[in-house]
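Let me begin by presenting the structure, written as structure tokens, before commenting on it.
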Amino acid sequence: MRHSHGGLALLIIAALFSGPHADCVAAQEASNAFSWENATELSFVPTRGNASSSTFGLKAALTGEGGQNTVKLELGGIRGATSKVTRTATGTPSDFTVNRTTASQLTAESYFARGRYNRSLNRAFAFSGAGWERNTFAGLRNRVSFVGGMGMTFTDTDAGHLKADLGATYTIQKDIDPAPDADEGFAGFRVTVDAKRALSESADIESALVLDENVEETGDVRADWISSVTVSLSESLAFKTSLQLLWDNRPALIEVPLLDGAGAPSGTRVPTPGEKLDRLVTLTLVIRL
């Protein structure tokens, strides 16, 4: 009888220390396991005829969520080119052959890559991230930035969300034609506001504003605002229309040809600031995996 009670006691102890503990560990591992989702946006606008042009855009976002952790990786770019057709003729006015020469010229080129990590702290969250971008037509060869800070989720439901955060930044910027007194590395801060609202069961509107301030030179302020409407066609396909405004209060310098008083090229190029505002309208096909 003592042997039977002893065996029962061992079974109870084993159940107490292994069964529930194993279930808790399994539940904890399941809650921390990352689930990944990918969204790829493709846009292509070709024009053919007497003048030809093409614009191709690509953006891919990979998001992973597990427990209190969220990781997001993004990369993309836009490339545009225009082809000019020059026609000449050889022969006589009544008998000639037409020759065609096509010259292609790059008209737009910009790329970016960035990553971000969020750690949820109930409604608040801590975050860190890094990014790289290039826009040669705006005079920007490379810009690398690092950010870390805190944010707050004001609302997050099936109908939409509203989030805002504030972070300290450090930026390393290399222009194609740098100013003589330009500082390539500088500290700053970044404010981000991210909002989303469902318009219907198959459509929603999103808006995100990113404001960067250079604390070493307060006039150097940049803003990136993008607003979009997405209409889902299925679980894996959607159409998306976006408007993006890029504003730089201190745009990079761009070298332009210098003409003499008669309007003829002087053979000299001079630096001048680029445009402060860039506008970009896109219609894309979104593929979700």
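The values are calculated or read from the model by the stated rules, or taken from the named source; none is laboratory data. Just so we're clear, the structure is a prediction, and the values are computed from it rather than from any experiment. When we count neighbours, we look across all protein chains shown, and the Cβ atoms used for this are built from the backbone with ideal geometry, even at glycine. We work out accessible area using only protein heavy atoms, side chains counted, and drop any ligands, DNA or RNA first. Shrake-Rupley method; radii C 1.70, N 1.55, O 1.52, S 1.80 Å.
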Pair list, Cβ under 8 Å, 6 or more apart: segment 255-276 residue free of Cβ contacts under 8 Å to residues at least 12 places away in the same chain, other residue part of a strand (DSSP E or B) and of a type outside the set (A, V, I, L, M): 259/265; 259/266; 260/266; 265/257; 266/257; 268/257
Search result, residues across segment 250-261 that are surrounded by 13 or more Cβ atoms within 10 Å (Cβ to Cβ) and not in a strand (DSSP E or B): 250, 251, 252
Within segment 47-74, tally of residues that are open to solvent by 50 Å² or more (accessible area, probe 1.4 Å) and farther than 30 Å from residue 103 by Cα: 6
Close pairs from segment 219-240: first part of a loop (DSSP other than H, G, I, E, B), partner open to solvent by less than 30 Å² (accessible area, probe 1.4 Å), Cβ under 7 Å, at least 6 apart: 220/214
Of all residues in segment 75-120 being out of contact with any strand residue (DSSP E or B) (no Cβ under 7 Å at 6 or more places or on another chain) and either of a type in the set (Asp, Glu) or under 30 Å from residue 194 (Cα atoms) (or both), the one that is most open to solvent (accessible area, probe 1.4 Å): 95
Candidates 231, 193, 144 - the one that is open to solvent by 40 Å² or more (accessible area, probe 1.4 Å), touching a strand residue (DSSP E or B) at 6+ places or on another chain (Cβ under 9 Å) and under 20 Å from residue 76 (Cβ atoms): 144
Criterion violated by residue 56 - all others in (1) farther than 30 Å from residue 121 by Cβ; (2) modelled with pLDDT under 85; (3) not small (Gly, Ala, Ser) satisfied: (2)
Selection within segment 262-289 - open to solvent by 90 Å² or more (accessible area, probe 1.4 Å) and not in a strand (DSSP E or B): 262, 275, 276, 289
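Residue by residue through segment 162-190, note down the ones that are of a type outside the set (A, V, I, L, M, F, W, C), at pLDDT 95 or above and surrounded by 15 or more Cβ atoms within 10 Å (Cβ to Cβ). Write out each step before concluding.
Step one: list which residues in segment 162-190 are of a type outside the set (A, V, I, L, M, F, W, C), which gives 163, 165, 167, 169-171, 173-175, 177-178, 180-181, 183-185, 188, 190.
So of that shortlist, the ones also at pLDDT 95 or above come out as 163, 165, 167, 169-171, 188, 190.
Passing the criteria: 163, 165, 167, 169, 171, 188, 190.
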